[in-house]
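Data block below; observations after.
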Amino acid sequence: MWQFFHKLGSPKWFYGIANRFMPWFLWGGLILLGAGLVWGLAFAPKDYLQGNSYRIIFIHVPAAFLAQSVYLMMASAALVTLVWRMKLADVFVKAIAPVGLILTFLSLFTGAVWGKPTWGTWWVWDARLTSMLILLFLYGGVIALDKAINDEKSAARAVAVLVLVGVVNIPIIKYSVDWWNTLHQPATFKLTEKPSMPMEMWVPLLLSVLGLYLLFGWLACIRMKTEILTRERRTRWVRELVLAGRK
Amino acid sequence: MNADARPGLRPIDSAVGSARAMASVFARDVRVAFRQRQDLLNPLLFFVMVVTLFPLGVSPEVAFLKQSGAGILWVAALLSVLLSLDHLFRHDFDDGTLEQLVLQPQPLFLLVLAKTVAHWVLTGLPLVLLAPVLGLMVHLDGNSIAILCLTLLIGTPVLSLIGAIGAALTLGLRSAGVLLSLLIIPLYIPVLIFGTGTVAAAAEGAPVAGYVALMGAFLVLALTLAPFAAAAALRISLSNS
Amino acid sequence: MSEPLLQAVNLECERAERLLFQNLSFSVMPGTVTRVEGPNGSGKTTLLRVLAGLNDAWSGELLWCGEPRAGQREAFLRNMLYLGHRPGIKPLLTPLENLRALMAGRRPLSDGALLQALAGTGLAGYEHVPCRNLSAGQQRRVALARLLLADEPLWLLDEVFTAIDAQGVEAIESLLLQRAAEGGAVLVTTHHDLQLPGMHRIVLGGESGHEC
């Protein structure tokens, strides 16, 4: 068991494992996400209130869900960095932070696209979107801090502290923004239909979420592999890999 | 093996205790600040100027200012604290005082707490004291001003505490000022929301004890957690220098 | 009985993607003065900071009195004095106020003792002048007054002779020898050509450091 964790610390071992898992992530993700999107976008029944425009939730919800999950994953890795000093945790955080940023942006964008036909405006300061916007700022801060520090190891540790401070704040921010929203908006517009969704709606949603998770796994592997190659570029195994022209 | 019994080694309890060390850190920071009193005035002037921008830039009408006044004052106070965070650690970092602080035998998070308290006393507290005057300028009524000052009194220490984390993380980096703001402003949002929301609730006659208690909870949380994070960040920044 | 105060085992440190030293092992014994030598940029200051605990980016082992230093933070810091490039002097305070603040976190001392130390480093008459009105050499002397007051056995001094005149250099050298004679240990880096009887050396800047 401990041997597994010890191996987990080795970038070289991870590189090999990633190569083996990536095809599964990619194809599994594409199939699930594809099925979910096709079903949701084309075949699921119309919503009785919103007509066809609600369909964007099949992209918006997976993106939003994953954006928040990714931050939690970063926080777990940050803890590992600070307590156990594992290189792989550093690589993970650095690799997925931009992905989280893009997912957050995607969820905001699709939220806006949904907003236009539903409320007539491109943006509305409701609790959900505003929380997502603040999450975007948190991701931006993490990436900015990482880029500002030259030394790799220091950067990883500073970013880890920032991520952990952020994760403690996320529930506080959500609670505050929800309360703020109730102060200023008499009616609450909800972006997701609560569980009174018929099966024809939440099954494709679930498929999309799972599919996006798998695709995220694939993307994380690619980015981590690239980061590992960069960090370990002076070691022998990387040189041999590059010289052999293999992936 | 009892190392303390060996010749030449000093036992730990011959060192100054934590409370006295904290008091000495606080006293030094306050003494240094009073030797350059202009620096104390600057955040206050900034506070006043930012508040002034709103009547000038938006509208000086009483109705608008009455409704927005608390929010304007809170945002201005937040920005003033943000501006003053830069020299929480920077001067000490530049002249080597910070290194010596980190090497003191007392727990670093306590010394960081002492510095943060000194920073608040020199920056946040004056803002709270000036707020009533500005509150009158934005036509807030007496009750609103009182509640506003209360939320500022509880909220500005939280701003200093969270800000210390950001200041420690960005120590020694180029364009640290802007980066600090980017990192810290999202974390300030809950304090801002509750600070202004409490005043708004009071203006409508709703009971505010619960919201004030919640802000008090923020303060307690910040007091217990922020110094640790700031101390960890200081060590990382010093490692890098 | 001679057990090392500080021991480094296979110390390795990387800075800005450059390997400064690796497989560096040495012991600092009580009663010794050791000079860390090497060309510019070879990691002398970094090594001292690693030993002092200011720099966390190293691998290997560091032992204080035979046990890992990591579990003895308070005991280690109480018994170690580090003076770095930047003297830790606040320009707006006077030498007396600065010294008081520096010692206030370490040992309770009376003002009389502080004034005596300041006189000892040649600052008699300047105790109440704000440090920014003093010369660079004088400001360094305020920091060096700590050496006269220090009771810590281990001294890590980085470029301690900077901006000090010949007379001051002699005085500091005898302080270092005295500290060693009393059972303490001193590690210095310096560009000044330090030659002391019985001085040990740690040389950096090769493939790995080695101890002479």
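Residues of the stretch B:196-236 that are in contact with a Leu (Cβ under 7 Å, 6 or more places away or on another chain) and small (Gly, Ala, Ser): B:197, B:200, B:222, B:226, B:231, B:233. Every condition in (1) at pLDDT 95 or above; (2) closer than 30 Å to residue C:57 by Cα holds for residue B:155 except the one numbered (2).
Residues are listed down the side, and each one gets a yes or a no for (1) within 14 Å of another protein chain (Cβ to nearest Cβ); (2) open to solvent by less than 10 Å² (accessible area, probe 1.4 Å):
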| site | (1), (2) |
| --- | --- |
| A:109 | no, no |
| A:117 | no, no |
| A:135 | yes, no |
| A:140 | yes, no |
| A:143 | yes, no |
| A:155 | yes, yes |
| A:158 | yes, yes |
| A:165 | yes, no |
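Take the conditions (1) within 14 Å of chain C (Cβ to nearest Cβ); (2) farther than 21 Å from residue C:49 by Cβ; (3) not in a helix (DSSP H, G or I); residue B:105 misses just one of them, which is (2). Pairs meeting the criteria (first residue in the stretch C:161-176 and more than 16 Å from residue C:34 (Cα to Cα), second residue of a type in the set (Val, Ile, Thr), beta carbons under 9 Å, at least 6 apart or on different chains) are C:162/C:190; C:164/C:172; C:168/C:121; C:171/C:121; C:171/C:164. Among the residues of the stretch B:174-190, the ones that are of a type in the set (A, V, I, L, M), under 22 Å from residue B:151 (Cβ atoms), open to solvent by less than 10 Å² (accessible area, probe 1.4 Å) and at the interface with chain A (Cβ under 7 Å from one of its Cβ atoms) come to 1 in all. Looking only at residues of the stretch C:59-80 that are free of Cβ contacts under 8 Å to residues at least 60 places away in the same chain and within 9 Å of chain B (Cβ to nearest Cβ), we find that the one that is farthest from residue B:100 (Cα to Cα) is C:67. State yes or no: is residue C:83 within 30 Å of residue B:31 (Cβ to Cβ), more than 7 Å from chain B (Cβ to nearest Cβ), surrounded by 21 or more Cβ atoms within 10 Å (Cβ to Cβ) and not small (Gly, Ala, Ser)? So residue C:83 passes the test. When each of B:95, B:29, B:13 is tested for being on the phi < 0 side of the Ramachandran plot, touching a His at 6+ places or on another chain (Cβ under 9 Å), within 14 Å of another protein chain (Cβ to nearest Cβ) and charged (D, E, K, R), the lone residue that passes is B:29. Taking the criterion of being under 24 Å from residue A:157 (Cβ atoms) and touching a Lys or Arg at 6+ places or on another chain (Cβ under 8 Å), the residues of the stretch C:15-53 that qualify are C:43, C:46, C:53. Is it true that residue B:78 is more than 20 Å from residue C:90 (Cα to Cα) and not hydroxyl-bearing (Ser, Thr, Tyr)? Considered against the rule, which asks whether it is more than 20 Å from residue C:90 (Cα to Cα) and not hydroxyl-bearing (Ser, Thr, Tyr), residue B:78 comes out as yes. If you go through the stretch C:3-23 and keep only what is under 19 Å from residue C:76 (Cβ atoms) and either away from chain A (no Cβ under 14 Å) or touching a His at 6+ places or on another chain (Cβ under 8 Å) (or both), you end up with C:3, C:4, C:5, C:6, C:7, C:8, C:9, C:11.
Residues in the stretch C:99-117 that are within 7 Å of chain B (Cβ to nearest Cβ) and within 16 Å of residue C:130 (Cα to Cα): C:101, C:102. Would you check which residues across the stretch B:200-221 are away from chain A (no Cβ under 12 Å), open to solvent by 30 Å² or more (accessible area, probe 1.4 Å) and free of Cβ contacts under 8 Å to residues at least 60 places away in the same chain and list them? Result: B:205, B:207, B:209, B:213, B:220.
Is at least one residue of the stretch C:117-137 without any contact (Cβ under 8 Å) to a residue 40 or more places away in the chain, more than 28 Å from residue C:63 (Cβ to Cβ) and of a type in the set (Lys, Arg)? So far as the stretch C:117-137 goes, no, none of its residues is without any contact (Cβ under 8 Å) to a residue 40 or more places away in the chain, more than 28 Å from residue C:63 (Cβ to Cβ) and of a type in the set (Lys, Arg).
Within the stretch A:86-105, residues that are within 15 Å of residue A:219 (Cβ to Cβ) reach partners that are open to solvent by 40 Å² or more (accessible area, probe 1.4 Å) with beta carbons closer than 6 Å, at six or more positions or on different chains, in the pairs A:95/A:223; A:99/A:219.
Does residue C:78 meet the test of being among the basic types (Lys, Arg) and either touching a strand residue (DSSP E or B) at 6+ places or on another chain (Cβ under 9 Å) or surrounded by fewer than 20 Cβ atoms within 10 Å (Cβ to Cβ) (or both)? Taking the combined requirement at face value, the residue does not satisfy it.
State yes or no: is residue B:93 surrounded by fewer than 18 Cβ atoms within 10 Å (Cβ to Cβ) and among the aromatic types (Phe, Trp, Tyr)? Full working, then the answer.
On the way: surrounded by fewer than 18 Cβ atoms within 10 Å (Cβ to Cβ): no; among the aromatic types (Phe, Trp, Tyr): yes.
Taking the combined requirement at face value, the residue does not satisfy it.
So which residues in the stretch A:119-154 are in a helix (DSSP H, G or I), without any contact (Cβ under 8 Å) to a residue 40 or more places away in the chain and of a type outside the set (S, T, N, Q)? Answer for the stretch A:119-154, where residues must be in a helix (DSSP H, G or I), without any contact (Cβ under 8 Å) to a residue 40 or more places away in the chain and of a type outside the set (S, T, N, Q): A:133, A:136, A:137, A:140, A:141, A:144, A:145, A:147, A:148. When residue B:44 is tested against (1) touching a residue at least 60 places away in the same chain (Cβ under 8 Å); (2) within 14 Å of another protein chain (Cβ to nearest Cβ); (3) closer than 23 Å to residue B:124 by Cβ, only condition (2) is not met.
The values are calculated or read from the model by the stated rules, or taken from the named source; none is laboratory data. What you are looking at is a predicted structure, and each value in this text was computed from that prediction instead of being measured. All Cβ positions, even for glycine, are placed from backbone atoms using ideal geometry, and neighbour counts span all protein chains on display. Surface accessibility is based on the protein's heavy atoms, side chains included, excluding ligands, DNA and RNA. Shrake-Rupley method; radii C 1.70, N 1.55, O 1.52, S 1.80 Å.
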